[in-house]
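A short write-up of the structure that comes next.
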Amino acid sequence: MSKLVQPHGGKGLKPLLLKGKELDEAKKKAKSLTQVRMASRETGDLIMLGIGGFTPLDGFMGKADWKGVCENYKMKDGLFWPIPITLSTNKGQADSIKVGEEIALVDEESGELMGSMVVKEKYEMTKTDKEFECKHVFKTNDMEHPGVAKVMEQGDVNLAGPVKVFSEGEFPKKYPGIYMSPAETRKIFEDKGWSTVAAFQTRNPMHRSHEYLAKIAIEVCDGVLIHQLLGKLKAGDIPADVRSNAIGVLIEKYFVKDTVIQAGYPLDMRYAGPREALLHALFRQNYGCSHLIVGRDHAGVGDYYGPFDAHHIFDEIPKDALETKPLKIDWTFYCEKCDGMASMRTCCHGKEDRTLLSGTKLRKMLSEGEEVSEHFSRGEVLKILRKYYAGLTEKVEIKLHKAATGE
């Protein structure tokens, strides 16, 4: 009997990825089906359905589920879910597809056949509907918000229904040993005898503050899963392969052996702040994690969210909504007078003694060729990041927001 948290929904993992003869037959059939092209966010969602990361969903959401998730974090059957998982297309294509018809799902970038779906429902997504989704999920309709922009650019009709998944795309080959399914991480945890595991979510290389958060978690849990996003990011963020190398050297040089596992998952960032923190906890439950480390401005962007909104949202949902619980940690920094890493709860000194750390601030300093203190980031990590920035032919301007400066 596993000592790990149960997958969301309480009925075991529900991977929808086909294999063997069943896969061959489904792919052969799909060649004659109408093709619907998916944006990278939708492809990532489909892969998560395939590997069981979105257990217990069986496909893309219908209108009642979409509306319930936006308004009340609940699907029509009562299942807790914080962010809509939907598939869109243009009105012309939607009109040509009949309810009950099976369609082929193709990644628009690679052209790869990723799966199929039986269309159980079609529903219009007007500008007002999209704004409704954005206001609930992102707390804003500002088109400067990258998540809002993605939703507003979607097709005007959502297609819903159960899916069959054929492929995990480029992730297994591109990130061997890093990209893992929930079944794989659960097996690793069980083989190690772990029952409590804290997930550390990241889309950035880890600086000293991140390292400190992970080490706090190691003190109270059996181990930590450093779980990084492998899908698409916004301009100026550091690519996953560079980030993986930087995290790898940090684990090797500065963590006790067998206390940390580095892994990755196939989603794009939504930058939904508090709502995305809930989604991060939900699918980490499927990966076998009992806790999610929630620091400052979790999954945030710009100044759209307060620095600890992602802490507060866990207090607003029903206590039984998720088995995976937040490990809430205050702002952390290097303090000259403490002569080490500290947090607002442990350090009594003033701003003038503190080196405030953030991924945005680190990216800005490196992109502009500034000197970076080893109080900010480990030397071995900085070496990898400087090499990446030196090789860039195009520089993206990185703006500092309040959450990155402590104002």
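Flag: N90 does not match the condition of being under 18 Å from G9 (Cβ atoms), open to solvent by 60 Å² or more (accessible area, probe 1.4 Å) and out of contact with any helix residue (DSSP H, G or I) (no Cβ under 9 Å at 6 or more places or on another chain). When restricted to residues that are surrounded by 18 or more Cβ atoms within 10 Å (Cβ to Cβ), over 22 Å from the mean Cα position of the chain (by Cα) and of a type in the set (V, I, T), segment 109-141 contains 1. Here the condition is being free of Cβ contacts under 8 Å to residues at least 60 places away in the same chain, surrounded by fewer than 24 Cβ atoms within 10 Å (Cβ to Cβ), over 16 Å from the mean Cα position of the chain (by Cα) and within 30 Å of S2 (Cα to Cα); of K351, K325, K337, it holds for K325 alone. Condition first: closer than 26 Å to M365 by Cβ and outside any loop (DSSP other than H, G, I, E, B). Can you find one or more residues in segment 261-269 that meet it? The answer is yes, given that some residue of segment 261-269 is closer than 26 Å to M365 by Cβ and outside any loop (DSSP other than H, G, I, E, B). Here is a check on your reading of the model: is G147 free of Cβ contacts under 8 Å to residues at least 60 places away in the same chain and either surrounded by fewer than 18 Cβ atoms within 10 Å (Cβ to Cβ) or under 21 Å from L278 (Cα atoms) (or both)? In short, no.
Only a single item in (1) small (G, A, S); (2) closer than 18 Å to Y212 by Cα; (3) at pLDDT 95 or above is not met by G295, and it is number (3).
Do you know which residues across segment 116-140 are over 13 Å from V157 (Cα atoms), of a type outside the set (A, V, I, L, M) and assigned to a strand (DSSP E or B)? The answer is S116, and nothing else. Applying the selection to segment 78-115, what residues are part of a strand (DSSP E or B), of a type in the set (V, I, T) and over 15 Å from G161 (Cβ atoms)? V106, the sole residue that qualifies.
Within segment 180-202, the set of residues being assigned to a strand (DSSP E or B) and open to solvent by 20 Å² or more (accessible area, probe 1.4 Å) comprises Q201 only.
Looking across segment 369-387 at every residue that is open to solvent by 60 Å² or more (accessible area, probe 1.4 Å) and basic (K, R), the one that is modelled with the lowest pLDDT is identified as R386.
Please work out if L366 is at pLDDT 90 or above and either under 25 Å from E144 (Cβ atoms) or not in a loop (DSSP other than H, G, I, E, B) (or both). Taking the combined requirement at face value, the residue does not satisfy it. Scanning segment 150-179 for residues that are in contact with a Lys or Arg (Cβ under 8 Å, 6 or more places away or on another chain), open to solvent by less than 60 Å² (accessible area, probe 1.4 Å) and part of a loop (DSSP other than H, G, I, E, B) returns Q154, G155, F166. For the subset of segment 4-34 comprising residues that are assigned to a loop (DSSP other than H, G, I, E, B) and more than 23 Å from F80 (Cα to Cα), which member is most open to solvent (accessible area, probe 1.4 Å)? Residue satisfying both the conditions and the ranking: K31. Here G295 fits the description: touching a residue at least 40 places away in the same chain (Cβ under 8 Å), buried (at least 20 other Cβ atoms within 10 Å of the Cβ) and farther than 18 Å from A183 by Cα. Looking across segment 203-224 at every residue that is in a helix (DSSP H, G or I) and farther than 21 Å from T355 by Cα, the one that is least open to solvent (accessible area, probe 1.4 Å) is identified as A217.
The values are calculated or read from the model by the stated rules, or taken from the named source; none is laboratory data. None of these values were measured; they are calculated from a predicted model. Virtual Cβ from ideal backbone geometry, glycine too; neighbours counted across all protein chains shown. Side chains are part of the model used for accessible areas, which takes the heavy atoms of the whole protein and leaves out ligands, DNA and RNA. Shrake-Rupley method; radii C 1.70, N 1.55, O 1.52, S 1.80 Å.
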